[in-house]
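Asker: For reference, the structure I am asking about is given below.
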Amino acid sequence: MLGIVVGIKDNPASSIKIQGIKRRSYYDILSPASLEELYQNYTTNITHEPGKIVPPQELNILSRRRNRVIVGLLVYQGLRVEEVAALKVPDLQLREGKIMIHAKRRTAARNMTLESFQVYEIMDYTVKGTGKT
């Protein structure tokens, strides 16, 4: 009995199909270095080139600061667009460097830590936006 090897010609599990969610990547995903570069290169400074007409929305420095804050939340915290859209001022805990993300259909509620430079940029945006000094 020892030394007898029984060979199986067909795999008995070959006809079984596993059901479930098949996750596919439909888009090229940026590397962490590319995301960091995207954030660092998003400037709030407005430069005027001679002979070029600047659209009025490009002149709004407050919206550029807001957009930089949003890009930071997307890049560093990995928030979804609907999570960013649902943020309210009481969700920000800037002294602690945290942000509260409320539960959505696809995600659970969670507290996330902000990077130190994000806290300063959020403070800069909110102070300049409200006119308080």
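The values are calculated or read from the model by the stated rules, or taken from the named source; none is laboratory data. Please read all numbers here as calculations on a predicted model, not as lab measurements. Don't worry about glycine lacking a Cβ; one is built from the backbone with ideal geometry, like all the others, and counts go over all protein chains shown. For accessibility, only protein heavy atoms count, side chains too; no ligands or nucleic acids. Shrake-Rupley method; radii C 1.70, N 1.55, O 1.52, S 1.80 Å.
Asker: Ordered by residue, what ³J(HN,Hα) values in Hz, to whole numbers, does segment 82-87 give under the Karplus form 6.51 cos²θ - 1.76 cosθ + 1.60, where θ = phi - 60° and Gly and Pro are x?
Answerer: Those phi angles translate into 5, 6, 5, 5, 8, 5 Hz.
Asker: Among Thr107, Ile16, Val81, whose Cα lies farthest out toward the positive end of the dipole of segment 12-107, if unit charges sit on the beta carbon of Lys, Arg (+1) and Asp, Glu (-1)?
Answerer: So the residue we want is Ile16.
Asker: Restricting attention to segment 32-133, which chymotrypsin sites (Phe, Trp or Tyr not before Pro) occupy a DSSP loop and are surrounded by at most 15 other Cβ atoms within 10 Å?
Answerer: Filter output for segment 32-133: Tyr42.
Asker: If we sort 45-52, 99-106 on the protection proxy, mean other Cβ atoms within 10 Å, highest first, what's the order?
Answerer: So the peptides 45-52, 99-106, ranked by packing, come out 99-106, 45-52.
Asker: Here is a further query. Could you tell me which of rounded, prolate or oblate describes segment 17-113, using a ≥ b ≥ c as the square roots of the eigenvalues of the alpha-carbon gyration tensor, with rounded for a/c under 1.5 and, failing that, prolate when a/b is larger than b/c and oblate otherwise?
Answerer: Note, shape of segment 17-113 comes out oblate.
Asker: Which whole-number value in Å² is the accessible area per residue of segment 27-82, probe 1.4 Å?
Answerer: Roughly 74 Å² per residue, with all protein chains present.
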